[in-house]
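Colleague: Pasting in a structure now, in structure tokens, and then I'll have a few things to ask.
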Amino acid sequence: MAPDSSEGSLARAVLDHVRDCLAREDLERLAALGLRREDVDGLRALPQTALDRLARLVWRGIRLQVNGGDLRRGIDAVEKSLLGETVQRDLIRAGAPRAMMTVLFGMGSREFRRIRDDLGVTTGVGRPRTLGEDNEMALWKAMVPYTRQGRALSPEDYLELQAETRIPVRNIWRFVHEQSYAAAPDRSGGHDGHGPDGAA
């Protein structure tokens, strides 16, 4: 029985990997693949052009084993990475400034410009306009459930606040940091009593 195209391709890919290991003298990896010393010597003696012929002959002996636990962890990591990229793009689309993306994600200016240009977004330059009393009070009230959790706002929190208040993300970012500084303990260890989760 001859291998189908996928089995033949797998066999050839494995043999190519084996030849790469041979070229690097990576005998430890070859041993991990189950190859004995005489197998290694035999493969080393074959010309490159003979690999296709060998793949057709030994494809039954080549099996790809997937570790389910490692695969699941890999899938989870990729999904988390993709979700993070989606949030980054949503924030930039909503007008997040570069400083915000640097603090939240460690994003550099080049990556920020690339995503911004891909999205066709023009981010404002300089300090955002002041909110005004009505918007400031609306944002203050919207932030109460978040600040009462005793943690810093997450990237998703900023998007939720923007959707709820219709206030630009850059303004929310500035407001949050201004309130954070205002709520910082003074040198005597006291608190000035002003913060998003409480009044003076």
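Colleague: Scan region 45-71 for residues that are at pLDDT 80 or above and either surrounded by 11 or more Cβ atoms within 10 Å (Cβ to Cβ) or part of a helix (DSSP H, G or I) (or both) and report the count. Full working, then the answer.
Modeller: Start the filter on region 45-71 by keeping residues that are at pLDDT 80 or above, which leaves 45-47, 69.
From what's left, either surrounded by 11 or more Cβ atoms within 10 Å (Cβ to Cβ) or part of a helix (DSSP H, G or I) (or both): 45-46, 69.
Matching residues across region 45-71 total 3.
Colleague: How many of the residues in region 145-179 are touching a residue at least 12 places away in the same chain (Cβ under 8 Å) and surrounded by 12 or more Cβ atoms within 10 Å (Cβ to Cβ)? Walk me through how you get there before you give the answer.
Modeller: Just the residues of region 145-179 that are touching a residue at least 12 places away in the same chain (Cβ under 8 Å), to begin with: 146-148, 153, 155-156, 158-159, 161-162, 164-165, 167-176, 179.
Then keep just the ones that are surrounded by 12 or more Cβ atoms within 10 Å (Cβ to Cβ); that gives 146-147, 153, 155-156, 158-159, 161-162, 164-165, 167-176, 179.
Total meeting the criteria: 22.
The values are calculated or read from the model by the stated rules, or taken from the named source; none is laboratory data. The structure displayed is predicted, hence computed values, not measured ones. Methodologically, a virtual Cβ is constructed for each residue, glycine included, from the backbone with ideal geometry; neighbour enumeration extends over all protein chains shown.
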